[in-house]
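Notes for the one structure printed next.
Rule-based calculations on the coordinates, nothing more; no lab input. Predicted model, so just to flag it, every value in this text is computed and none were measured. FYI the Cβ positions are ideal-geometry reconstructions off the backbone, even for glycines, and counts take in every protein chain you see.
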Amino acid sequence: MTPDQLADCACRLVDLGQERGVTLRLLGSLGARMQSTRTAALLDRLGREPTHDIDFMGYSRDQARAHALFLELGYQADTGIALSLEYGVRRLIFYKQPEGIMVEIFLDQLCMAHTVDFRGRLDFQDYSVAPTDLILSKLQIQEIAKKDIKDIIALLATVDLSRGGGNASIDVGHITDILGRYWGFYHTARGNLERVREWSERLREELTEEERVTAEARACDLIEAMDAAPKTLRWRVRSMIGPRVKWYADVGDVHR
């Protein structure tokens, strides 16, 4: 499937979920494509590697209804994940053949290298999580890949920064509030924003001058806001230790 075809499939699943009382919102590059035609076009121009999976964020309260919905639609549940739910792993995985689609639904929180809490934040947009949360979901990646950097660049180049308002913008205040509480998340996010500036130069041929300058400026604005924002006592104490002690969680096999 092309990215547009996969996005259409994902949107149909969101609509079906809405009819059944199941809240689903897109993450990842498909979520980024939902922000605007400009964002989608830029991802294509950057040669963003197409995803073959559909990643959703949902609520744990809808878990049983989501499971029933996908089985009814002909998806096969991942049995390893079904067993791991008993041990606190909050995600569902389904497969659809012969289309070769894998759907992954994270419940309440995205728990990877760092945790992004989505509770109460899935009603801001119709099909994807808000751009603020999309950015956070990318900035938390400890070993960030080129494809994820491209997602961040596309979002920064096409989505405005704001302070406390607008579901279609990147809320700087929400980001700095979270990163001002967790030094580890801050440290990883700051490093990834530095990489954005580096990669925007490497991708100069794929970006217009306006897109490159805008993405770099917004990355700098976020770094400056993160540095200047108030920090909790917990953050300040952890910062004294710094990277001498591991500041992120290992992302293990989901079938653990």
ASP171 long-range amide H proximity, modeled H, under 5 Å:
THR132, SER162
FRET efficiency (ARG65, MET1; Cβ distance; R0 30 Å; to 0.05) is 0.70
So what are the radius of gyration and Dmax for the Cα set of region 3-244, in Å?
18.1, 53
Quote to one decimal, in nm, the extra length available between CYS9 and GLN76 on full extension: 0.36 nm per residue of separation minus the C-alpha distance between them.
22.5 nm
Which number comes out as Rg/Rh for region 121-229 once both Rg and the Kirkwood Rh are worked out on C-alpha atoms?
0.94
For the chain, with a Gaussian network of springs between Cα atoms less than 10 Å apart, report the residue from ILE153, ILE101, ILE170 with the top mean-square fluctuation.
ILE101
Restricting to the chain, what percent of DSSP beta bridges are antiparallel, rounded to 5?
60 percent
Under a Gaussian network model of the chain whose springs join Cα atoms within less than 10 Å, the largest fluctuation of GLU224, GLU198, GLU99 belongs to GLU99
Farthest toward positive dipole pole in the chain [+1 Lys/Arg, -1 Asp/Glu at C-beta], among MET112, ILE149, ALA40:
MET112
May I ask you to compute the full-extension gain from GLU210 to HIS52, defined as 0.36 nm times their residue separation minus their alpha-carbon distance, rounded to one decimal in nm?
53.8 nm
For region 3-50, what is Rg from Cα atoms divided by 2.2 N^0.38 Å, rounded to two decimals?
1.23
Would you please report the Å³ per residue occupied by the convex hull of the alpha carbon atoms in region 103-156?
94 Å³
Classified through the alpha carbon gyration tensor (a ≥ b ≥ c as square roots of its eigenvalues; rounded if a/c is under 1.5, else prolate when a/b is larger than b/c, else oblate), region 182-256 comes out oblate
Please list, in order along region 38-45, the HN-Hα scalar couplings obtained from phi with the Karplus expression 6.51 cos²θ - 1.76 cosθ + 1.60 (θ = phi - 60°), rounded to whole Hz, x for Gly and Pro.
5, 5, 4, 5, 5, 4, 5, 5
Alpha-carbon centroids, region 199-249 and region 1-64: separation in whole Å:
26 Å
Contour minus end-to-end for ARG236 and THR37, with contour as 0.36 nm per residue of separation and end-to-end as the Cα-Cα distance?
67.5 nm
Return the calculated 222 nm mean residue ellipticity for the chain, to the nearest 500 deg cm²/dmol, obtained by summing -39500 (n - 2.57) across DSSP H runs with n ≥ 4 and dividing by the residue count.
-15000 deg cm²/dmol
The exposure ranking of VAL103, VAL129, fewest beta-carbon neighbours within 10 Å first, is VAL103, VAL129
In order over region 109-114: 3J(HN,Hα) from phi, Karplus 6.51/-1.76/1.60, θ = phi - 60°, whole Hz, x for each Gly or Pro, gives 9, 9, 9, 10, 4, 9
Comparing ASP148, ASP123, ASP133 in a Gaussian network model of the chain (Cα, 10 Å), the one with the largest mean-square fluctuation is ASP123
Under a cut-off of 22 Å between alpha-carbon atoms, report the lysines in cross-link reach of LYS150, not counting same-chain residues fewer than 8 places apart.
LYS138
